[in-house]
Amino acid sequence: MSQKTIAVFFGGCSTEHAVSLQSAQAVLQAIDRSLYTPLAVGITRDGAWRCYPGDPGRLPDGSWERDPGCVPCVLSPDRTAPGLLLLDGEPRLLPLDAAFPVLHGKNGEDGTLQGLLELAGIPLVGCGTLASALGMDKDRAHRLAALAGVPAPRGTVFRRGEAFSAVERAAEALGWPLFVKPVRSGSSFGVSRVTGRGGLRAAVEEAFRHDAELLLEEAVPGFEIGCAVVGNDTLVTGRVDEIELSAGFFDFEEKYTLKTSRIHCPARIAPQTEERAAEAAKAVYRALGCRGFARVDLFLTPDGRILFNEVNTIPGFTAHSRFPSMLRAVGVPFDRLVNRLIALAFEDGSRESASPEEKPNAAPDRPQRAPLPVRKPSAGNAAARPCGQTQEVRA
Ligand SMILES: Nc1ncnc2c1ncn2[C@@H]1O[C@H](COP(=O)(O)OP(=O)(O)O)[C@@H](O)[C@H]1O
Ligand SMILES: [Mg+2]
């Protein structure tokens, strides 16, 4: 079998640029070179694309950018000549068999790069344009998850420019403490836990620095759990993990230093609860149209309810990150995981490039649609979104 060329995209114009450098180093080092030829494509913080031929070990400190071997490049969206155009002199086309975006946050995990790859007809590892965009948008993802039977915390969305008094009213109706967060962000950037009226304005301003929409959300008692989901049509889950906080919330510093918090994998929960969490994660994954892989984050309340928090369509991907750890706990080592995710990109029958029109004998992919849940009326809760009401779920 001839080796397939896989472009691994890293860096990106995102507040999570540095995290991507670490994830991509691990991915590049794990790719099975007897099957695949990885091609590292770095995107600088300014958005310049560089084909980087050097050691993946030089990604995390950013020194890869100064490598004299770096070649400016762009992606050709022309389906008759899909691939990377190297721009050091007369443009040269480097054909690609697939692309693996290892980018976190905006301009990479949010469907933008996925759209470009789909336009070019290049198979991609992980979620496509729509699921990536939905995964980035906490409000729209919450609405779809609720329709699939996994409710989100109660909350309200505000757009930049709306009267602050309206935010205050909604906050009073939700009660304190509450969370203020950008609708589209990641790594806890712009997220605040607000304990009373006094801290609300600063939290709102901070969230609006990251996005034009914010989410005001009830603080959920209990703790956060996560579930790794892998697959296209047949789904596999890892062990559910648990974030143990000793103060505050899982902010950027805690996520990357774990100074006062701990990750327990597997989570210290009953097997039936873990099963319910995995079913809820799969329901959300399907509702959003995810492919390949994603980490679904949930809350588990003291009375045993499971609420949907968010989907990370490209979760942290170092060997020590949560997503690979959850799969290691079911016997899938990091290297095998990385190569399995690449293989899934080639197996995905729902991609347009492998559509039934091109394969006349192929049966159309028809995932089962879950019935819409019967919703209890909200008990006089002025702040609740129509689809984001808290309700008990036995997923
Ligand atoms: N409604 C909530 N109730 C309790 N904790 C929350 C809530 N929303 C967010 N958090 C805390 O804030 C962290 C970051 O929020 P999250 O919505 O996951 O944003 P990000 O996409 O930046 O990770 C979570 O990991 C959790 O610790
Ligand atoms: Mg999160």
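The values are calculated or read from the model by the stated rules, or taken from the named source; none is laboratory data. Because the structure is predicted, anything quoted here is derived from the model rather than measured. Counting neighbours? That spans all protein chains shown, and the Cβs are built from the backbone with ideal geometry, glycine included.
Tabulated results
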quantity	calculated
Within segment 274-317, tally of residues that are more than 14 Å from the chain's Cα centre (by Cα) and assigned to a loop (DSSP other than H, G, I, E, B)	5
Residue match in segment 203-221 (condition: over 29 Å from Y256 (Cα atoms), of a type outside the set (G, A, S) and not assigned by TED's automatic domain parsing to the domain that holds N339)	no
Check on A173, of a type in the set (G, A, S), touching a residue at least 40 places away in the same chain (Cβ under 8 Å), more than 15 Å from ligand 2 (Cβ to nearest atom) and surrounded by 15 or more Cβ atoms within 10 Å (Cβ to Cβ)	yes
Helices (runs of 4 or more DSSP H) (entirely within segment 104-167) containing at least 2 residues that are within 21 Å of R286 (Cβ to Cβ), assigned by TED's automatic domain parsing to the domain that holds E16 and in contact with a helix residue (DSSP H, G or I) (Cβ under 9 Å, 6 or more places away or on another chain)	112-120
Matching residues, segment 29-48, being in a strand (DSSP E or B) and surrounded by fewer than 20 Cβ atoms within 10 Å (Cβ to Cβ)	T37
Selection count, segment 1-18, where residues are buried (at least 19 other Cβ atoms within 10 Å of the Cβ) and modelled with pLDDT of 95 or more	8
The listed residue being within 16 Å of ligand 2 (Cβ to nearest atom) and either modelled with pLDDT under 95 or among the small types (G, A, S) (or both), out of A343, A281, A270	A281
Cβ-Cβ under 6 Å pairs, at least 6 apart or on other chains, segment 214-231 side under 29 Å from R291 (Cα atoms), far side part of a loop (DSSP other than H, G, I, E, B)	L215/V183; E217/P153; V220/P153; I225/V240; I225/A267; C227/V240; A228/G238; V229/L235
Residue within segment 123-136 that is without any contact (Cβ under 8 Å) to a residue 60 or more places away in the chain and under 18 Å from E218 (Cα atoms) present	no
Residue, nearest to R286 (Cα to Cα), within segment 190-241, restricted to residues that are away from ligand 1 (no atom under 14 Å from the Cβ), in a loop (DSSP other than H, G, I, E, B) and of a type in the set (G, A, S)	G238
